[in-house]
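Asks: After the structure tokens below, expect a handful of questions from me.
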Amino acid sequence: MRHIISLLMENEPGALSRVVGLFSQRNYNIESLTVAPTEDPTLSRLTLTTVGHEEVIEQITKNLNKLIEVVKLVDLSESAHIERELMLIKVKATGAQRAEVKRTTDIFRGQIVDVTTNVYTIQLAGTTDKLDSFIQAVGTASILEVVRSGVTGISRGDKVLSI
Amino acid sequence: MELLSGAEMLVRFLRDEGVKYIYGYPGGAVLHIYDALFKEKSIEHILVRHEQAATHMADGYARATGKAGVVLVTSGPGATNAITGIATAFMDSIPMVVISGQVPSNMVGTDAFQETDMIGISRPIVKHSFMIKHPSEIPEVMKKAFYLAESGRPGPVVVDIPKDMTNPAEKFEYVYPKKAKLRSYGPALRGHSGQIRKAAELLLAAKRPIIYAGGGVILGGASAQLTELAKMLNLPVTNTLMGLGCYPGSDRQFVGMLGMHGSYTANLAMHHADVILAVGARFDDRVINGAAKFCPNAKIIHIDIDPASISKTIKADIPIVGPVGSVLTEMVAIVKEIGQAPNAETVASWWKQIDEWRGNRGLFPYDKGDGSIIKPQAAIEMLCEVTKGEAYVASDVGQHQMFACQYYKFDKPNRWLNSGGLGTMGFGLPAAMGVKLNFPEADVACVTGEGSIQMNIQELSTCLQYDLPVKIINLNNGALGMVRQWQDMVYNSRYSHSYMESLPDFVRLAEAYGHVGMRITDLKDLKPKMEEAFAMKDRLVFLDIAVDTSEHVYPMQIKDGAMRDMWLSKTERT
């Protein structure tokens, strides 16, 4: 099963390499990873998605928690949560395609953030599935470039991950 | 308030932390530190002949005392040579602080002379690591390093110090930090009482219980508590390779080491157990044999300070995260409070079964032969007899290591030192040196073989310089015994690169290093020569003992089988 693990860690050089190293060292999967400082500049928030059996996920969370720089950790997929991924995508936009791409973008509630005579650059946020669907809808033939941020997420309701 | 340079702060901190010895080797990146060390008389630096030995010496000290050993090496090759020793300590959870020099910070990343990314290279084999970014943070970082190394599940910590951080011209205020502050680190201080109670109840109701205790009991200083619980409930106790000595080896309730080369009795008792109390052990693959067939009827209680050790390879029914000492103390109290003894009849019938397995032959029977050739087992039995089971025994890796843990009876913790997890050949001699330096009055033996000893034999020179009269018990069978055993058993005796041609004359080699060498080829010389060696309190004696090359270590579990599936000799199996 796919899990979204989100953690707070010390915003220090080397901390990220320990997290990433753990995954290769212990042969765990890592599908996406995103990290940035929080409102407290001494802390970074890192969110990663991984796939594995429950026993493996248990070991992943235990071993992440064991890293000295990891302050707190939550497996978002264990309860109600909001997940988002940001995509920037360059699409061919010439002739009849131009209107079609615009319509598709509207349907997916994306925004065209840059325009040239031949190309639209579209910004789209949503779940991984939604971004995949957009790519499918536009068609790979007209896609020039795709940039995705990887999944980030937050718990629903009052639950917060803070120190 | 005193103004000190980074180098002086480092040395002063070590003094204030109570460090007596550091083990190391100088080089360009640490010369400022060595200069500061020259002026500090209360710390003795031991100059090894290879940095790997420095780490094993520090490790030996840590295993015997429970305190972090301190290593000082230079950048580049100094740091990489220390890696094997750091990995050895990491696998066995040994507290160690390794200070490595680094090229000046403005040159980091430029492929400078003797530059290597020590933080990167050591990352998977350390509990944590630090790179010093400003000289003034040295005392605080060092305090954190010691705290991390020694607390919770211990382990090695690397502190990488770029040369400019120790510049003697730049001085800063020095204050000894009394406490390390780490908001993101807090090992459990006690176990969950509800879980401990459940465990106690399960143990009291058990029909065929057993304690399986590992190195964590020694690291946690919990031998007394473990022994109290075992005695109170009359439980059989088995130890892992790392746990030997945490329960008295000559006690009736001790059923021997378990695992790949564990005793017939211990492995059968585990297999048939209905409740296993695992304490400070990690269900290593060399212990459990085939995980799928492991102890089919057992409920498992697992006490460990490291949550990641629990349910890693074998699922625990009652996990208890906490320091083994405090958990066992609480368990003893709860058992007393419940005030119930285990059913006398079931206890008696379980012990009857165990004693039947143990039989008349003892735990590790072997064919003593006709006496024409020395059996390696006999040499270890003699070592135990001559040293009255009181010696510190540091071992290398291979058949001799297994013979040592089968035939030396360790009644006390911290006396048996071996590279259990990583299996590092070359560990024995420097580890023994680390012990001897700190316990000059004690008998310290290094049990080794002609393969292992040559991996750090250069330290015979260090032994002379610092007067470290350890006794080297070299079980010389002229072959890499354990490799050869596997080749006998699995590869139809095709001895691919497992024999040692051109062995040196170890007696003359020992003498060349300024020590005493003795060769023993006759069984009847074993006792007098060993006694003579241990009587020479102030001399290192290298006992080169010619032993039977064809001997195998038994029992040996059969791959992927259950605990009970073992070869008992070359021809018998369970």
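Asks: List the number of the failed condition for B:MET131; all other conditions in (1) over 23 Å from the mean Cα position of the chain (by Cα); (2) more than 15 Å from B:ALA145 (Cα to Cα); (3) within 13 Å of another protein chain (Cβ to nearest Cβ) hold.
Replies: Every condition holds for B:MET131 apart from (2).
Asks: Quick check, is B:ASP505 without any contact (Cβ under 8 Å) to a residue 24 or more places away in the chain and more than 30 Å from B:ASP285 (Cα to Cα)?
Replies: Yes: the conditions hold for B:ASP505.
Asks: Moving on. Counting residues that are within 20 Å of the chain's Cα centre (by Cα), which strands (runs of 3 or more DSSP E) fully inside the range B:6-114 reach at least 1?
Replies: So the answer is B:21-24, B:69-73, B:96-102.
Asks: Among the numbered conditions (1) within 11 Å of chain A (Cβ to nearest Cβ); (2) within 15 Å of B:GLY69 (Cα to Cα); (3) touching a Pro at 6+ places or on another chain (Cβ under 8 Å), tell me where B:LEU148 comes up short.
Replies: Only one criterion is unmet by B:LEU148, namely (3).
Asks: Looking at this structure, is A:ARG103 among the basic types (Lys, Arg), exposed (fewer than 15 other Cβ atoms within 10 Å of the Cβ) and more than 14 Å from chain B (Cβ to nearest Cβ)?
Replies: For A:ARG103, the condition - among the basic types (Lys, Arg), exposed (fewer than 15 other Cβ atoms within 10 Å of the Cβ) and more than 14 Å from chain B (Cβ to nearest Cβ) - is met.
Asks: Tell me whether the range A:76-83 contains one or more residues that are within 14 Å of another protein chain (Cβ to nearest Cβ), of a type in the set (Val, Ile, Thr) and farther than 26 Å from A:THR140 by Cβ.
Replies: no
Asks: Here is a further query. Anything in the range B:341-395 that is of a type in the set (A, V, I, L, M), part of a loop (DSSP other than H, G, I, E, B) and out of contact with any strand residue (DSSP E or B) (no Cβ under 9 Å at 6 or more places or on another chain)? List them, or say none.
Replies: Passing the criteria: only B:ALA341.
Asks: Can I ask one more? Of the residues that make up the range A:92-100, is at least one assigned to a strand (DSSP E or B) and among the aliphatic types (A, V, I, L, M)?
Replies: No: zero hits.
Asks: For A:GLU55, which of the numbered conditions (1) within 20 Å of the chain's Cα centre (by Cα); (2) within 14 Å of chain B (Cβ to nearest Cβ); (3) of a type outside the set (A, V, I, L, M) fails to hold?
Replies: Answer for A:GLU55: the failing condition is (1).
Asks: When only residues in the range B:153-173 that are under 24 Å from B:PRO77 (Cβ atoms) and part of a loop (DSSP other than H, G, I, E, B) count, which is farthest from the other protein chains (Cβ to nearest Cβ)?
Replies: The extreme case among them is B:ASN167.
Asks: Just one of A:LEU73, A:LEU86 is outside the structural domain of A:GLN111 (by the TED database) and either more than 21 Å from the chain's Cα centre (by Cα) or in contact (Cβ under 8 Å) with a residue 12 or more places away in the chain (or both); which is it?
Replies: Exactly one of A:LEU73, A:LEU86 is outside the structural domain of A:GLN111 (by the TED database) and either more than 21 Å from the chain's Cα centre (by Cα) or in contact (Cβ under 8 Å) with a residue 12 or more places away in the chain (or both), namely A:LEU73.
Asks: Turning to a different aspect of this structure: Looking at A:LYS72, A:LYS62 in this structure, which one is within 15 Å of B:SER184 (Cα to Cα), at the interface with chain B (Cβ under 10 Å from one of its Cβ atoms) and in a strand (DSSP E or B)?
Replies: On inspection, the qualifying residue turns out to be A:LYS72.
Asks: On the basis of being under 26 Å from B:THR88 (Cα atoms), modelled with pLDDT of 95 or more and more than 14 Å from every other protein chain (Cβ to nearest Cβ), does B:TYR176 make the cut?
Replies: So B:TYR176 does not fit the description; no.
Asks: Under 7 Å between Cβ atoms, at least 6 apart or on separate chains: pull out the pairs that start in the range B:378-399 with a residue that is over 12 Å from B:PHE410 (Cα atoms) and end on any residue that is part of a helix (DSSP H, G or I) and polar (S, T, N, Q).
Replies: Going by the 7 Å Cβ cut-off, the qualifying pairs are B:SER395/B:GLN401; B:ASP396/B:SER452; B:VAL397/B:SER452; B:GLY398/B:SER452; B:GLN399/B:GLN485.
Asks: Could you please let me know if B:PRO187 is more than 14 Å from every other protein chain (Cβ to nearest Cβ) and not small (Gly, Ala, Ser)?
Replies: When the stated conditions are applied, B:PRO187 does not pass them.
Asks: Also: It is to be established whether one or more residues within the range B:69-83 are surrounded by fewer than 24 Cβ atoms within 10 Å (Cβ to Cβ), within 14 Å of chain A (Cβ to nearest Cβ), farther than 22 Å from B:GLU17 by Cα and small (Gly, Ala, Ser).
Replies: no
Asks: Taking only the range A:1-43 into account, find how many residues are assigned to a loop (DSSP other than H, G, I, E, B) and within 11 Å of chain B (Cβ to nearest Cβ).
Replies: Qualifying residue count, the range A:1-43: 5.
Asks: Within the range B:115-152, restricting attention to residues that are in contact with a Leu (Cβ under 7 Å, 6 or more places away or on another chain) and not in a helix (DSSP H, G or I), which residue is nearest to B:TRP416 (Cα to Cα)?
Replies: B:LYS127
Asks: In the range B:136-145, which residues are surrounded by fewer than 24 Cβ atoms within 10 Å (Cβ to Cβ) and either within 11 Å of chain A (Cβ to nearest Cβ) or farther than 19 Å from A:SER17 by Cβ (or both)?
Replies: Within the range B:136-145, B:SER136, B:GLU137, B:PRO139, B:GLU140, B:LYS143, B:LYS144 qualify.
Asks: Within the range A:61-120, can you find the residues that are touching a Gly at 6+ places or on another chain (Cβ under 8 Å) and among the aromatic types (Phe, Trp, Tyr)?
Replies: A:PHE108
Asks: Would you check if A:SER79 is over 20 Å from A:VAL147 (Cα atoms) and in contact (Cβ under 8 Å) with a residue 40 or more places away in the chain?
Replies: yes
The values are calculated or read from the model by the stated rules, or taken from the named source; none is laboratory data. Computed from a predicted structure; not experimentally measured. Methodologically, a virtual Cβ is constructed for each residue, glycine included, from the backbone with ideal geometry; neighbour enumeration extends over all protein chains shown.
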